[in-house]
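A.B. asks: Dumping the structure here so I can ask a few things about it.
The values are calculated or read from the model by the stated rules, or taken from the named source; none is laboratory data. The structure presented is a predicted model; accordingly, all values stated were derived computationally and were not measured. Because the Cβ atoms are built from the backbone with ideal geometry, glycine has one as well, and the counts that use them run over all protein chains shown. With ligands, DNA and RNA removed, areas are computed over all heavy atoms of the protein, side chains included. Shrake-Rupley method; radii C 1.70, N 1.55, O 1.52, S 1.80 Å.
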Amino acid sequence: MENVEIARILDELGDVLEIQGENPFRVRAYRNAARTVRGHGTPFRKLVEEGADLTGLPGIGKEMAAHIRELVETGKLGRHEEALRSIPPELLEFLRIPGLGPKRAKQLWEELGITTVAALQEACEQGRLSRLKGFGEKIQKNILEGIESYRSQQGRFKLSDADQYVLPLKAYMEKAPGVERIEVAGSYRRRKETVGDIDILAVAREAGPIMEHFVSYPGVAKVQSAGDTRGTVFLGSGLQVDLRILPRESFGAALAYFTGSKEHNIRIRRLAIDRGLRVSEYGVFRVDKGEKTARGRGRKEGKDEADPGPSSGRFVAGREESEVYKAVGLPWIPPELREDRGEIEAAQQNALPHLIELRDLRGDLQMHSTWSDGQNTIEEMVVACKARNYEYLAITDHSKAVSVAGGLDAERLRKQWKEIEKVAERHEGIRILKGMEIDILSDGSLDLEDALLEKLDIVLVAVHSKFNLPPAQQTERILKALQHPRVQIFGHPTGRILNRRGPIAFDMDEVLSCAAELGVAMELNAHPDRLDLMDLHLMEARRRGVKVVINTDAHRIEDLDLIRYGVEQARRGWLGREHVLNTLPLGAFLKALRQ
Ligand code: DGT
Ligand code: CA
Ligand code: CA
Ligand code: ZN
């Protein structure tokens, strides 16, 4: 770990402590230590290796020295991770918004329950910040501008948007002269919900023509660089695309390296070092005796002295990704897991999860029809589900509270049931479940009377209003709804819309533990704007034995195909078939739902 990274973590820990209102002297201690580390000429990892006494340095006391040692030795800091868990994750981003500091972030969180940039923006636009002490009109305006600039720098693309750009570009690159293989790596391959840029790898004997082909892609708006082996362009959307051209024998190593994540790579590299190996994007190399493992340190006869070369040491693997893993004693790890969230340990114990696949799903339990805000009739949706080989589906139009979406009152719901029954008569081989997406009202009661709830096959509840309740109240509202004995599924639990609206603030741990206890399933809403629950929450659900259902929330036939985004995120959340209820055949599925 380099000094800047150590400094960043110490600084961040200081930030969290400050948001929490910790003693200013302790906060300052972290800032001072970070400054010392950042400005120090020698890498701290070296000092730690040599066993040097760090406490002599300005701002480094016993505690800071221990922190630095822990960081160098483990790559993490327990105190830091613990601190991060104690605040809403997006709150730290407030500190990166010009015009906002920790004090104001704390005020926004505690006094207005604002924990996301999206919610902050909304609050500014509605002038709600002026209620807070020290937030005038002018400051609200500054914050809005700050958010805008923060966003433009952030500029991450939703995965589904990235797919729109990448799939044609990949097809185009496959036609490049002399190309042998094209693969997209990076966060895109890990199927992260948003991607910063696109990393394309190409195998070819000759690089020139491929690079030429790449920069001539019609979608390219700007060529940033186009060298021998790497180039960077921007597409019209602003999406950055990096291309790297590689020899055949390095392809697997490069694929592993550029798929990342960086955190995962660091772990792999450390395993390699333990075995006297060096992993780089060029391959896995046996390090000669006396040679240091750090990149570029090795010297070999006949190599350019100025550049000891990417391939110093004896090449032992690199053609296929699985060889790279094998060289460090691991089975191949699916890209969706490569986040250093326990996959290395699981691989070492031969206990990697068997991840769910698209073909495991047998039904979709949230979709809308023309009865509320959907664009296709019930029958059209049913035919489309049949074409996708589903055994069952649930029609879940909105309840009456969502009047903008044409929510159904009792009378129309009964009429809808009649239609479902008629459609069912015409379509054998698929079960149409009578469902509803029922609003959780602000006091936690449900937007449908019990007599009708009794008659539904699928009771899915969701929040569509009052997103900004104070977290404790929001939690109470949700828990109350889940405790209603007829509730079976909690739909798009956090309500977030990627790049637009952050998750509503509530105590997820408590909600998951309640869901586990009651047997309420959490939805993984597969819509690529939602992906809700997100990967980390899915891992937590899995750990607690909470059942999950993956639904598209389709509002038109084509939306049914978005299910794959749900499956991908489920995989990132370590879910196997056994964790997802709608992998079960109809009878077993109905039994597994809360009774
Ligand atoms: P993104 O683009 O922000 O969504 O995330 P990634 O994961 O695609 O990151 P990117 O594009 O910066 O780099 C692609 C991969 O290359 C990354 O996942 C791991 C690898 N990589 C990049 N920089 C480093 C580095 O400094 N150290 C290590 N170990 N790997 C790196
Ligand atoms: Ca990337
Ligand atoms: Ca990149
Ligand atoms: Zn909804």
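A.B. asks: Quick one: net charge around residue 323, please, counting Lys, Arg +1 and Asp, Glu -1 for every other residue with C-beta under 15 Å from its C-beta. List each step's numbers first, then the result.
C.D. replies: Working: positive: 248, 275, 278, 286, 314, 319, 326; negative: 249, 281, 320, 321.
Local charge sum for residue 323: +3.
A.B. asks: For the cross-link pairs 46/76; 262/547; 158/222, which exceed 23 Å when the distance is taken from alpha carbon to alpha carbon? Each step should come with its number before you reach the end.
C.D. replies: Working: 46/76 17 Å; 262/547 31 Å; 158/222 21 Å.
The answer is 262/547.
A.B. asks: Aspartates and glutamates within cross-link reach of residue 62: Cα-Cα under 12 Å, excluding same-chain residues under 8 positions apart?
C.D. replies: 53
A.B. asks: Between residue 449 and residue 403, 0.36 nm times their residue separation minus their Cα-Cα distance comes to what? Could the numbers behind the result be given before it?
C.D. replies: Numbers: separation 46, 0.36 × 46 = 16.56 nm, distance 1.69 nm.
This chain segment gains 14.9 nm when fully extended.
A.B. asks: Dimensions of the chain along principal axes (Cα, Å, largest first)?
C.D. replies: Result for the chain: principal-axis Cα extents of 84, 61, 47 Å.
A.B. asks: Let me ask something else. When a/c is below 1.5 the answer is rounded, else prolate if a/b is larger than b/c, else oblate, so apply that to the range 128-195 with a ≥ b ≥ c taken from the square roots of the Cα gyration tensor eigenvalues. Each step should come with its number before you reach the end.
C.D. replies: On the way: a/c = 5.21, a/b = 3.93, b/c = 1.33.
Judged from the Cα gyration tensor, the range 128-195 comes out prolate (a/c at least 1.5, a/b above b/c).
A.B. asks: Compute the signed sum of charges (Lys and Arg +1, Asp and Glu -1) over the other residues within less than 11 Å, Cβ to Cβ, of residue 107. Present the calculation step by step, with values, prior to reporting the outcome.
C.D. replies: On the way: positive: 103, 104, 106, 131, 133; negative: 110, 111.
Taking every other residue near residue 107 into account, the sum is +3.
A.B. asks: From the phi of every residue in the range 339-356, what ³J(HN,Hα) in whole Hz does the Karplus formula 6.51 cos²θ - 1.76 cosθ + 1.60 yield, where θ is phi - 60° and glycine or proline is x?
C.D. replies: 10, 6, 10, x, 5, 5, 4, 4, 5, 4, 9, 6, 10, 5, x, 7, 6, 4
A.B. asks: Taking the Cα centre of the chain as origin, sum charge times position over the Cβ atoms of Lys and Arg (+1) and Asp and Glu (-1), and report the length of that vector in debye to the nearest 20. Walk me through the intermediate numbers first.
C.D. replies: Details: 89 positive and 92 negative charges, 239 e Å.
It comes to approximately 1140 debye.
A.B. asks: How long is the gain from residue 586 to residue 85 if the chain were fully straight, where each residue apart is worth 0.36 nm and the alpha carbon distance is subtracted? Please list the in-between numbers first.
C.D. replies: On the way: separation 501, 0.36 × 501 = 180.36 nm, distance 3.88 nm.
So the extension gain works out to 176.5 nm.
A.B. asks: Could you state the number of Å between the C-alpha centres of the range 323-383 and the range 174-242?
C.D. replies: Cα centroid to Cα centroid, the span is 26 Å.
A.B. asks: Could you please report the charge total around residue 244, scoring K, R as +1 and D, E as -1 over all other residues with beta-carbon less than 13 angstrom from its beta-carbon?
C.D. replies: Details: positive: 181, 230; negative: 183, 197, 199, 228, 242, 281.
Spelling it out: positives minus negatives among the neighbours equals -4.
A.B. asks: Follow-up question, since we're still on this one. Taking the Cα centre as origin and putting +1 on Lys and Arg beta-carbons and -1 on Asp and Glu beta-carbons, what dipole magnitude results for the range 500-595, to the nearest 20 debye?
C.D. replies: Details: 14 positive and 15 negative charges, 51 e Å.
Using Cβ point charges on Lys, Arg, Asp and Glu, the range 500-595 gives about 240 debye.
A.B. asks: What trypsin sites (Lys or Arg not before Pro) in the range 133-200 are in a loop by DSSP, with at most 11 other Cβ atoms within 10 Å of the Cβ? Intermediate values should be presented prior to the final figure.
C.D. replies: Numbers: sites: 133, 138, 141, 151, 156, 158, 170, 175, 181, 189, 190, 191, 192; in loops: 133, 156, 175, 190, 191, 192.
Hits after loop and neighbour filter: 133, 175.
A.B. asks: Let me know the shape class of the range 304-396, please: from the alpha-carbon gyration tensor, a ≥ b ≥ c as square roots of the eigenvalues, rounded when a/c is under 1.5, otherwise prolate if a/b is greater than b/c, or oblate. Can you show the working numbers first?
C.D. replies: On the way: a/c = 4.06, a/b = 2.87, b/c = 1.41.
Taking the square roots of the gyration eigenvalues as a ≥ b ≥ c, the range 304-396 is prolate.
A.B. asks: Can you divide the C-alpha Rg of the range 124-165 by 2.2 N^0.38 Å and report the result to two decimal places?
C.D. replies: Against the empirical 2.2 N^0.38 Å value, I get 1.66 for the range 124-165.
A.B. asks: What whole number of Å gives the distance from the Cα centroid of the range 1-36 to the Cα centroid of the range 77-132?
C.D. replies: 18
A.B. asks: Please state the charge dipole magnitude for the range 76-167, taken about the Cα centre, from unit charges on C-beta atoms (+1 on K and R, -1 on D and E), reported in debye and rounded to the nearest 20. Spell out each step's value before the answer.
C.D. replies: Numbers: 15 positive and 13 negative charges, 80 e Å.
My answer is approximately 380 debye.
A.B. asks: Starting from the range 508-595, pick out the trypsin sites (Lys or Arg not before Pro) whose DSSP state is loop and whose Cβ has at most 12 other Cβ atoms within 10 Å. Intermediate results must be reported in sequence, preceding the final value.
C.D. replies: Values: sites: 530, 542, 543, 544, 547, 556, 564, 571, 572, 577, 591, 594; in loops: 530, 547, 556, 594.
For trypsin sites (Lys or Arg not before Pro) across the range 508-595 that sit outside H, G, I, E and B with at most 12 neighbouring Cβ atoms in 10 Å, the list is empty.
A.B. asks: In whole Hz, what ³J(HN,Hα) sequence does the range 11-24 give by Karplus (6.51, -1.76, 1.60; θ = phi - 60°), x for Gly and Pro?
C.D. replies: 4, 5, 4, x, 4, 4, 4, 5, 4, 6, x, 5, 3, x
A.B. asks: OK, next. Taking a ≥ b ≥ c as the square roots of the Cα gyration tensor eigenvalues, with a/c under 1.5 meaning rounded and otherwise prolate when a/b beats b/c, else oblate, which class fits the range 499-576?
C.D. replies: It is prolate, given that a/c is not under 1.5 and a/b is the larger ratio.
A.B. asks: Where does each of 237, 280 land when they are ordered by accessible area, with a 1.4 Å probe and the largest first? Working shown, then result.
C.D. replies: Numbers: 237 50, 280 5 Å².
The most accessible residue leads, giving 237, 280.
A.B. asks: If you don't mind, there's one more thing I want to ask. Please state the relative contact order of the range 152-238 as a whole percent: Cα pairs under 8 Å, 6+ residues apart?
C.D. replies: Working: 119 pairs, mean separation 21.2, N = 87.
Relative contact order, the range 152-238: 24 percent.
A.B. asks: Pick out, in residue order, every one of the GluC sites (Glu not before Pro) in the range 199-286 that is DSSP loop and has at most 11 other C-beta atoms within 10 Å; say none if there are none. Provide the component values of the computation, followed by the final result.
C.D. replies: On the way: sites: 206, 212, 249, 263, 281; in loops: 206, 281.
Hits after loop and neighbour filter: 206.
A.B. asks: Let me check against my output: what whole-number percent is the relative contact order of the range 327-446, with C-alpha pairs under 8 Å and at least 6 apart? Each step should come with its number before you reach the end.
C.D. replies: On the way: 144 pairs, mean separation 26.3, N = 120.
This gives 22 percent for the range 327-446.
A.B. asks: Once you keep just the Cα pairs under 8 angstrom separated by 6 or more residues, what percentage relative contact order results for the chain?
C.D. replies: Relative contact order, the chain: 9 percent.
A.B. asks: Rg and Dmax in Å for the range 473-534, alpha carbons only: what are they?
C.D. replies: Rg, Dmax (Cα atoms, Å): 11.5, 35.
A.B. asks: May I ask you to evaluate 6.51 cos²θ - 1.76 cosθ + 1.60, the Karplus curve with θ = phi - 60°, for each residue of the range 162-172 and list the ³J(HN,Hα) values in order in whole Hz, giving x for glycine and proline?
C.D. replies: Along the range 162-172, the couplings run 4, 4, 4, 7, 6, 4, x, 5, 5, 4, 5 Hz.
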